[in-house]
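Input: a single structure, listed below in structure tokens.
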Amino acid sequence: MLFPMPPSDTLYQALLDRDPAYDGQVWVCVASTGIFCRLTCPARKPLRANCSFHDSVAACLAAGFRPCKRCHPLAPMAAGEPVIQQLLAALDQDPARRWGEPDLVALGLDPSTVRRVFKRQFGMTFLEMARHRRLREGFTTLASGGPVIAAQLEAGFESASAFRAAFARLLGRAPGSLRQDALLRADWIATPLGDMLSVCDARHLHLLEFMDRKALPAELARLAKAAGGEIGLGRFDPSDQIRAELARFFAGSSARFDTPLALHGTPFTRQVWQALRAIPPGQTRSYGALAQDLGRPQAVRAVAQANGANQIALVIPCHRVIGADGALTGYGGGLWRKQRLLEIERGYRSPPPGLAPDRPQA
């Protein structure tokens, strides 16, 4: 088990409330139907006497239960929404398309429903996501030495001012201010859970964040100030190393990250980050347990603040910290990502002696 299971009565109430806090952590098996579901399943709620709870999909399958066809417990949480699957596929097919609400209506979709579903799952609307995808094309052009006007056209912006404003909202700085000879260089990395931005110098990784994180512009500004230099575009050796390690992580071959890190924080904050790195893949800790491990049992709030200040996602695995009751709690990259990361890392758990390790679910 990744965490002590809360009492069954607590989990049953979460099932009644469709509480998303336990997604990716607990599933319910319903004896009367022979199926298992997420606690957020929209189906009619079963009687308490017919419910049992398990901490893994494998346990539900081993008990003889079939996956629910309404909440899709074998799929990542975000993929359970048909409208998300439809629009993400359309975005992949034509990333340069300039999407608007009329395009959604033409597909037979209600823009307000699309906005609500994407905001709930990703923390941004579909139209914002489409703009991010277009900006990636412009970023790539700039990083390869292309002029701003070429990047603007590659990103599908007719207006130079609109391109500059969109770029500044995303990265906190205008495209023309990002030099290729800067001591800190940013690289755009596509992953199965969304685009990420790495910032490295010639020897260390300073930042790794999901591009849609609201705090990213402020983090970049603090980093530039702390490092005493501007941030430009391009790659160093650590940029290539973290890109390769992320590819292996998402491919299911390795959860090991050896890229050298530059840690910007107080001594206590860095101590918390080191404790996070000591949590094995496939396991979790509560804030209280981390405080105990550090010999500071009264410093739970300070541990939580240090966890939230982490700006090197995945490598410093703040996603492995959950609530004392097993709830996922907050995550800057979104709870849906936290749930999916924990699902992936179940495949990296150390098995009991004599058993083969689990493999990450597709």
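Determine the shape class of the stretch 8-74: with a ≥ b ≥ c the square roots of the Cα gyration tensor eigenvalues, call it rounded for a/c under 1.5, and otherwise prolate if a/b is greater than b/c, oblate otherwise.
Numbers: a/c = 1.32, a/b = 1.19, b/c = 1.10.
Cα axes put the stretch 8-74 in the rounded bin.
Taking 35 Å as R0, compute the FRET efficiency from the Cβ-Cβ separation of S253 and L74 and round it to 0.05. Numbers along the way, then the final one.
Values: r = 21 Å, r/R0 = 0.61.
So the FRET efficiency works out to roughly 0.95.
First measure r as the distance between the Cβ atoms of K214 and S144, then evaluate 1/(1 + (r/R0)^6) with R0 = 25 Å and state the FRET efficiency to the nearest 0.05. Write down the numbers at each step before the final one.
Working: r = 28 Å, r/R0 = 1.12.
Using R0 = 25 Å, I get an efficiency of 0.35.
Straight-line reach from K214: which lysines fall under 20 Å, measuring Cα to Cα and dropping same-chain residues less than 8 apart?
Here the lysines satisfying the reach criterion relative to K214 are K119, K225, K338.
Where in the chain are the DSSP H helices whose alpha-carbon span along the long axis reaches 20 Å or more and whose Kyte-Doolittle mean is at least -1.0? Write down the numbers at each step before the final one.
Working: long enough: 126-143 (25 Å, -0.42); 237-251 (21 Å, -0.41).
Within the chain the helices that satisfy the rule are 126-143, 237-251.
Let me have the relative contact order for the stretch 88-215, percent, based on Cα pairs under 8 Å that are six or more residues apart. Before the final figure, lay out the partial values.
Values: 134 pairs, mean separation 19.0, N = 128.
Value for the stretch 88-215: 15 percent.
Determine the gain in length on full extension of the stretch D17-L183; use 0.36 nm per residue of separation and subtract their C-alpha separation, reporting nm with one decimal. Mind showing how you got there, number by number?
Numbers: separation 166, 0.36 × 166 = 59.76 nm, distance 5.05 nm.
Separation in residues times 0.36 nm, less the Cα-Cα distance, equals 54.7 nm.
In straight Cα distance, which lysines are under 16 Å from K45, not counting same-chain residues fewer than 8 positions off?
Partners found: K69.
Calculate, for A168 and N50, the FRET efficiency according to 1/(1 + (r/R0)^6) with r their C-beta to C-beta distance and R0 45 Å; round to the nearest 0.05. The partial results should precede the final answer.
Values: r = 55 Å, r/R0 = 1.21.
The value I calculate is 0.25.
Averaged over all directions, how much area does the convex hull of the C-alpha atoms of the stretch 209-328 cover when projected, in nm²?
That works out to 8.4 nm², a quarter of the Cα hull's surface.
Bear in mind these aren't lab numbers, they're just calculated from the coordinates by the rules spelled out. Everything numeric here is computed off the predicted structure, so don't read it as measured data. Because the Cβ atoms are built from the backbone with ideal geometry, glycine has one as well, and the counts that use them run over all protein chains shown.
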